[in-house]
1. Evaluate region 83-96: report whether one residue or more is touching a Leu at 6+ places or on another chain (Cβ under 8 Å), surrounded by 10 or more Cβ atoms within 10 Å (Cβ to Cβ) and either modelled with pLDDT of 90 or more or more than 30 Å from Val19 (Cβ to Cβ) (or both).
2. Among the numbered criteria (1) outside any helix (DSSP H, G or I); (2) surrounded by 11 or more Cβ atoms within 10 Å (Cβ to Cβ), which single criterion is violated by Asp22?
3. Would you mind telling me which numbered condition in (1) outside the structural domain of Leu97 (by TED's automatic domain parsing); (2) under 22 Å from the mean Cα position of the chain (by Cα) Lys39 fails?
4. Examine region 62-78 for a residue that is free of Cβ contacts under 8 Å to residues at least 60 places away in the same chain, not in a helix (DSSP H, G or I) and not acidic (Asp, Glu), and state whether such a residue exists.
5. Among all residue pairs at least 6 apart or on different chains, which show Cβ distances below 9 Å where the first residue, located in region 31-47, is touching a residue at least 12 places away in the same chain (Cβ under 8 Å) and the second is β-branched (Val, Ile, Thr)?
6. Criterion first (touching a residue at least 40 places away in the same chain (Cβ under 8 Å), assigned to a helix (DSSP H, G or I) and not small (Gly, Ala, Ser)) does Ile57 satisfy it?
Amino acid sequence: MGKHVPELFRRLVGKAAPVKGDIDEALKLKVQELRNRAKESINNLSKTYFCATMQEIIFDLNNQVNLIKSLAQLTINFMDAYQKKKRSKGLVDFGDLEHLCLRVLLDQEKSGPGTQCHPK
C-alpha cells in the first residue's frame, strides 16, 4: 500500500499548471519548495505507516475477523449491562439525556403540530 500513497498524492494535488505571463521567481521557488517538502513528508509517512501491501492488509484483516467479532460482541454486552445497571439505580448520563431529547423531538414530529406545547 505504501507504493500507492505517492500516486494518491499526485491525484489529490495534481500537476501544477504553468503560469503564463510575468511571475515572481522568488514566489515560484517558494511554492516549489513547499510542494517538494509536502511530497517528501507524504513519502516519509507512507514508508513509516503504510509499509504493507494491500494483499498483506487484507490477509491480516481476514485472520482477525473472529477477534473483531468477539470484541464487538463484548462491547455490546458491556453496553447492555451498563444500561441495565443505570436503569436499576434510576441514573442517566449526558448521552442518555441526548437520546431522550431526540426521542421526544421525533415523537412530536410524528404526532403532528397540534400536539406540541406552546407557551402562552
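The values are calculated or read from the model by the stated rules, or taken from the named source; none is laboratory data. Predicted model only: the values in this text are computed from it and were never measured. For neighbour counting, all protein chains shown are included, and Cβ atoms are generated from backbone atoms with ideal geometry for every residue, glycine included.
1. Residues of region 83-96 that are touching a Leu at 6+ places or on another chain (Cβ under 8 Å), as a first pass: 92.
Restricting the remaining residues to those that are surrounded by 10 or more Cβ atoms within 10 Å (Cβ to Cβ) gives 92.
Subsequent filtering for residues that are either modelled with pLDDT of 90 or more or more than 30 Å from Val19 (Cβ to Cβ) (or both) retains 92.
Yes, some residue in region 83-96 is touching a Leu at 6+ places or on another chain (Cβ under 8 Å), surrounded by 10 or more Cβ atoms within 10 Å (Cβ to Cβ) and either modelled with pLDDT of 90 or more or more than 30 Å from Val19 (Cβ to Cβ) (or both).
2. (2)
3. Just one mismatch for Lys39, condition (2).
4. yes
5. Arg35/Val13; Ala38/Val13; Lys39/Val13; Ile42/Val5; Asn43/Val5; Leu45/Val5; Ser46/Val5; Lys47/Val5
6. Answer is yes for this residue.
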